[in-house]
Amino acid sequence: MDETRVAGDSDSNSEEGQGITGTLIWYYYICRREVWLMSRQIVADQQDENMDWGRFLHEYAYSREKKEVAWETVKMDTLTNRQGELVVAEVKKSSSYVKSATMQLLFYLYRLKASGIDARGELRFPEERRKEPIELNEELEAELKEAIRQIKQIIAQETPPAPAKIKFCGKCAYREFCWA
Ligand code: SF4
């Protein structure tokens, strides 16, 4: 939810999305240099809040809306069981970076799908009093896989991509590092 944090998500491993987090997906659509910088902090931060599958399913089965559900590379703002339909919601302060938010949420849907769970997504912008339904389809899944592939390439580089001034720099946690 916090778009200015540096590391944060405790997401980390699994097949196609191995080592990739929802936060990295979000930043990939903002700044690739930030993806690299954040990736260097993930290693130290990858355990405790995660749940194993049994606990995840238990929580899902017995709660109507669970907040801040973390499981493997996925850390969802809320998870709701609406009469048997699983809805993953991502809450954002504003819709300014809606593409990033959409792809982050699609990443969670994709990870759930890969584990045999169908879910739909909902972007929530409480300060704008609006919600946006998000669904995974073939085209978006292909785009997501390409993003994951490119994120892995960025992370594998020994040095970060060069900084490029963008609007987001003004509120980025790395602004001193990039521009001081
Ligand atoms: S300050 Fe700008 S260039 Fe540097 S990581 Fe942040 S968004 Fe990217």
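When the solvent-accessible surface of protein heavy atoms is calculated with a 1.4 angstrom probe, in what order do TRP179, TRP36 fall, highest first? Working shown, then result.
Working: TRP179 95, TRP36 30 Å².
Per-residue accessible area, sorted high to low, gives TRP179, TRP36.
3J(HN,Hα) couplings calculated from phi for the range 162-174 with the Karplus curve 6.51 cos²θ - 1.76 cosθ + 1.60 (θ = phi - 60°) are, in sequence order, 4, x, 9, 5, 9, 4, 5, 3, x, 10, 7, 5, 9 Hz; Gly and Pro show x. Net charge in the neighbourhood of PHE125 (other residues with Cβ under 11 Å of its Cβ; Lys, Arg +1, Asp, Glu -1) is +1. Placing dummy labels 7 Å off each Cα toward the beta-carbon, the span from SER95 to ASN137 is 1.8 nm.
Residue order by solvent-accessible surface for LYS75, LYS171, LYS92, LYS165 is LYS165, LYS171, LYS75, LYS92, largest first, with ligands and nucleic acids left out and a 1.4 Å probe.
Rank by packing, highest mean first: peptides 130-137, 20-27, with packing defined as the count of other Cβ atoms within 10 Å averaged across residues. Write down the numbers at each step before the final one.
Details: 130-137: 13.8, 20-27: 26.4.
Taking the mean over residues of other Cβ atoms within 10 Å, the ranking is 20-27, 130-137.
Using packing as a proxy for protection, rank 101-109, 79-87 so that the peptide with the highest average count of other Cβ atoms within 10 Å comes first.
Working: 101-109: 25.2, 79-87: 13.3.
Ranked from most to least packed, the peptides come out as 101-109, 79-87.
Between VAL87 and ARG130, what FRET efficiency comes out of the Förster formula 1/(1 + (r/R0)^6) with R0 = 22 Å and r the beta carbon distance, rounded to 0.05?
0.85
Here the spin labels are modelled as points 7 Å beyond Cα on the Cα-Cβ line, and at LYS152 and GLU176 they lie 3.6 nm apart.
The values are calculated or read from the model by the stated rules, or taken from the named source; none is laboratory data. Computed from a predicted model, the values in this text were never measured in an experiment. All Cβ positions, glycine included, derive from the backbone under ideal geometry; neighbour counts span all protein chains shown. Calculation scope for accessible area: heavy atoms of the full protein, side chains included, ligands and nucleic acids excluded. Shrake-Rupley method; radii C 1.70, N 1.55, O 1.52, S 1.80 Å.
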